[in-house]
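Undergrad: Right, I'll just put the structure down here and ask away after.
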Amino acid sequence: MAYSVAPLERLVNQFERLPGIGKKTAQKLAFHVLSLPKEQALEFADAIIEAHNKIKKCSICQTLTDTEICSVCSDDHRDKSTICVVEDPKDVIAFERTKEYHGLYHVLHGLISPMDGIGPDELSIKELISRMSDGAVKEVIMATNPTVEGEATAMYISKLLKPMGIKVTRLAYGIPVGGNLEYADEVTLYRALEGRSEI
């Protein structure tokens, strides 16, 4: 009979369910958690439970928050005329790190993907459209990833917003800093040309 400890196997299985974690990494994480002093292990478990219990979607932009309205939506210094539409809350964090964007956000929580059974109704598109009713929003920046699903989602939302007289823009994509032109694919080069700006 093979060596096995049921609670350890259960812990390994839970870590293995995380994205990008294989069996070996899951085992390494499980053994690390077991090596923690009991107090630290309980703090870790409590942090997971607290996050699940207290974190919810902002009633305005749908990002994650522990209050009814997130800190960005409740900030009076933000530019209320611009909304940056992103796929998930991680993207909000990425934009905020740049300290260059001062508008608002809207989180879709996914992209339109018929292959995966995800249509517009599974995303927070209705909530985005309802934000346009007061006339304050002048521009919506589509910041979905440059994938087939990201492009399809951006086009779908653009078609809904254009008749409302709202300017819809797309992030410029192109050659990364330090990148080499010879290794760039055609789509990246096309995006780089399309998003060029005056110097």
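Undergrad: Just to check your reading of the model, which residue among Val168, Val140 is within 24 Å of Cys70 (Cβ to Cβ) and in contact (Cβ under 8 Å) with a residue 40 or more places away in the chain?
TA: Selected residue: Val140, the only one of Val168, Val140 that is within 24 Å of Cys70 (Cβ to Cβ) and in contact (Cβ under 8 Å) with a residue 40 or more places away in the chain.
Undergrad: Could you list, in sequence order, all residues of region 79-109 that are within 14 Å of Ile141 (Cβ to Cβ), open to solvent by less than 30 Å² (accessible area, probe 1.4 Å) and free of Cβ contacts under 8 Å to residues at least 60 places away in the same chain?
TA: Thr82, Ile83, Cys84, Val86, Val92, Gly103, Leu104, Tyr105, His106, Val107, Leu108
Undergrad: Additional query: Could you please find all residues in region 72-111 being part of a helix (DSSP H, G or I) and under 16 Å from Thr144 (Cα atoms)? Lay out the reasoning, then the answer.
TA: So in region 72-111, the residues part of a helix (DSSP H, G or I) come out as 89-98.
Hits for region 72-111 are Pro89, Lys90, Asp91, Val92, Ile93, Ala94, Phe95, Glu96.
Undergrad: Here's another thing I want to ask about it. Suppose we keep only residues that are in a loop (DSSP other than H, G, I, E, B) and β-branched (Val, Ile, Thr) within region 135-153. Which one would you say is nearest to Tyr190 (Cα to Cα)?
TA: Let us first name the residues in region 135-153 that are in a loop (DSSP other than H, G, I, E, B), namely 135-138, 143-147.
Now drop any that are not β-branched (Val, Ile, Thr), which leaves 137, 144, 147.
Values: Val137: 30, Thr144: 17, Thr147: 14 Å.
It comes out as Thr147.
Undergrad: Considering only residues that are surrounded by fewer than 18 Cβ atoms within 10 Å (Cβ to Cβ) and in contact (Cβ under 8 Å) with a residue 24 or more places away in the chain, look in region 143-159 and name the one that is nearest to the chain's Cα centre (by Cα).
TA: Keep residues of region 143-159 that are surrounded by fewer than 18 Cβ atoms within 10 Å (Cβ to Cβ), which gives 145-148, 151-152, 155-156, 158-159.
Pick out the ones that are also in contact (Cβ under 8 Å) with a residue 24 or more places away in the chain and you get 145-147, 152, 156.
Working: Asn145: 10, Pro146: 14, Thr147: 14, Ala152: 17, Tyr156: 18 Å.
Checking each candidate, the answer is Asn145.
Undergrad: When you scan region 160-188, how many residues do you find that are surrounded by fewer than 16 Cβ atoms within 10 Å (Cβ to Cβ), among the small types (Gly, Ala, Ser) and touching a Lys or Arg at 6+ places or on another chain (Cβ under 8 Å)?
TA: Selection size over region 160-188: 1.
Undergrad: Continuing with this model, one more query. Considering each residue of region 113-128, count those that are outside any strand (DSSP E or B) and surrounded by 15 or more Cβ atoms within 10 Å (Cβ to Cβ), and give that number. Before the answer, list the steps.
TA: Looking only at region 113-128, we keep the residues that are outside any strand (DSSP E or B), and these are 114-117, 119-128.
Next, only the ones that are surrounded by 15 or more Cβ atoms within 10 Å (Cβ to Cβ) stay: 122-125, 127-128.
Qualifying residue count for the region: 6.
The values are calculated or read from the model by the stated rules, or taken from the named source; none is laboratory data. Because the structure is predicted, anything quoted here is derived from the model rather than measured. Virtual Cβ from ideal backbone geometry, glycine too; neighbours counted across all protein chains shown. Heavy atoms of the whole protein, side chains included, go into the accessibility calculation; ligands, DNA and RNA do not. Shrake-Rupley method; radii C 1.70, N 1.55, O 1.52, S 1.80 Å.
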